[in-house]
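Structure, as structure tokens:
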Amino acid sequence: MEGVAYTTGSETSKEIHFACQHIVNCADRCADEIRGVLVHEVVHCYQYNGQDLCPHGLIEGIAGDLSSRLRFVLLFSDARRVIDWVRLRSGLAPPHWRPSGSKWDAGYDATAYFLQWLTERYGEGTVLEINELMKDAPYDESIFKTVTGRKVDKLWKLYKEHLGEV
């Protein structure tokens, strides 16, 4: 299998596939990597994608961000309401992740840290609101303005200024 892992299936039945070679390659931090990847993939089972129109980088960034607080209470509640940030905040982020990037929707670490910054700036429900707006409607960048009052390009510029990169 190429890559690290992937999630597939229907709305009611999901499968997570994990590359065994990736576990071998991360032998020095195997347990944390397995937890981090599995949590990331579980988030994919519960997130929306704007009728398949959402940029791939945003999908991966949301999974990176939402997975950084995921609690296994999803077994007992409406998962879309209790998904919490775990990968960034629990020490499960891969050691190569950095809060930077060339585009807001570059995916994984770049988008996850950007979304984390949005959460810090606009409140704990920010990413959940973005995800919810992609439930029954085609993806449109205006969801960022709906949730934050600003266009995503302006938000990215502010984030880069926050990092001291502009």
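Worth pointing out:
- Within region 48-59, the residues that satisfy the criterion of being surrounded by fewer than 23 Cβ atoms within 10 Å (Cβ to Cβ) and within 13 Å of Lys103 (Cα to Cα) are Pro55, His56, Gly57.
- Condition check for Ser100: loosely packed, with under 13 Cβ neighbours inside 10 Å and of a type in the set (Ser, Thr, Tyr): no
- Condition broken by Asp153, with the remaining ones in (1) modelled with pLDDT of 90 or more; (2) assigned to a loop (DSSP other than H, G, I, E, B); (3) farther than 19 Å from Gln51 by Cβ satisfied: (2)
- Subset of region 10-19 that is of a type outside the set (Ser, Thr, Tyr) and free of Cβ contacts under 8 Å to residues at least 12 places away in the same chain - its residue that is surrounded by the fewest Cβ atoms within 10 Å (Cβ to Cβ): Glu11
- Enumeration of residues in region 102-123 that are over 14 Å from the mean Cα position of the chain (by Cα) and not in a helix (DSSP H, G or I): Ser102, Lys103, Gly123
- Close Cβ contacts (under 7 Å, 6 or more residues apart or on different chains) running from residues in region 33-57 that are without any contact (Cβ under 8 Å) to a residue 60 or more places away in the chain and farther than 26 Å from Pro95 by Cβ to residues that are among the β-branched types (Val, Ile, Thr) and surrounded by 20 or more Cβ atoms within 10 Å (Cβ to Cβ) comprise Tyr46/Ile83.
- Here is the figure for region 51-107: residues that are modelled with pLDDT of 60 or more and over 23 Å from Leu133 (Cβ atoms) total 11.
The values are calculated or read from the model by the stated rules, or taken from the named source; none is laboratory data. The structure presented is a predicted model; accordingly, all values stated were derived computationally and were not measured. All Cβ positions, even for glycine, are placed from backbone atoms using ideal geometry, and neighbour counts span all protein chains on display.
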